[in-house]
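Participant: Here it is: the structure, laid out below.
Taken together, the values in this text are just the output of simple stated rules run on the coordinates, not laboratory data. Owing to the predicted nature of the structure, the values given are computational and were not obtained by experimental measurement. Here the Cβ is made from the backbone with ideal geometry for all residues, glycine too, and neighbour counts use every protein chain on show.
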Amino acid sequence: MEIIYILTNEAMPGYVKIGKTNNNLEQRVRELSGSTSVPLPFTVFYAYVTFAQYFIIWNANVPEETFWYVLREKGTWWNLGMVIIFGHFFLPFLMLLRIDWKLKLTVMVPIFVWAWLMHFVDMSFNIIPVLHPDNFHLDWLDLACMAFIGGILTKIFLKQLHSHPIVPQKDPRFAESQEIYYVPPDPIAGAAAKDGGGH
């Protein structure tokens, strides 16, 4: 059964969202208010940029550039590269395709933790082979520096979070981006109400 709905939001007076859904209304409101659709485009964009870089450098076959990939095909770096391909793109991509999973916090939190871990592996793949060309090497200072810098950035972020608006202010296209449509007031009805409705 299809339901046609009309939604308003007190935070955005004058805007009306009109839509149609096959689900129940409460589920559709949760889908619209959820922000879990953001990780999927970033996962796809990461894969696109990374593969494009690899494709251009490898096909150009310029020795000054290809050594970067040759170095990362030695020892355990090859295995780590495969972990990045499947763990940083394919696994999150396939899991984020399902809308019902994106609405469950019990699924999304592990995906976010996994994405953070894969980002760390990716950074290690980019930086550490210069120091340890044969095998992956993790030192306690790597984790300590990451925790220190991450802690400082988290503290700054949380301190300044409430001093700035989360959504853009006075952006004329913000409502359209949220699929909210502005219904302008009827000038004839407004004039009639001002005149007292008399003829």
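Participant: Sorted from fewest to most neighbouring beta carbons within 10 Å, what does the list 88, 132 look like? Spell out each step's value before the answer.
Facilitator: On the way: 88 22, 132 15.
The fewest-first ordering by Cβ neighbours comes to 132, 88.
Participant: Explain nothing, just the number: dipole magnitude of segment 36-164 about its Cα centre with +1 on each Lys and Arg Cβ and -1 on each Asp and Glu Cβ, in debye rounded to the nearest 20. Kindly include the intermediate steps, with their values, before the conclusion.
Facilitator: Values: 7 positive and 8 negative charges, 122 e Å.
Its charge dipole is roughly 580 debye.
Participant: Also, I was wondering about something else. May I ask you to list the GluC sites (Glu not before Pro) in segment 43-126 that are in a DSSP loop and have at most 16 other Cβ atoms within 10 Å of their Cβ?
Facilitator: 73
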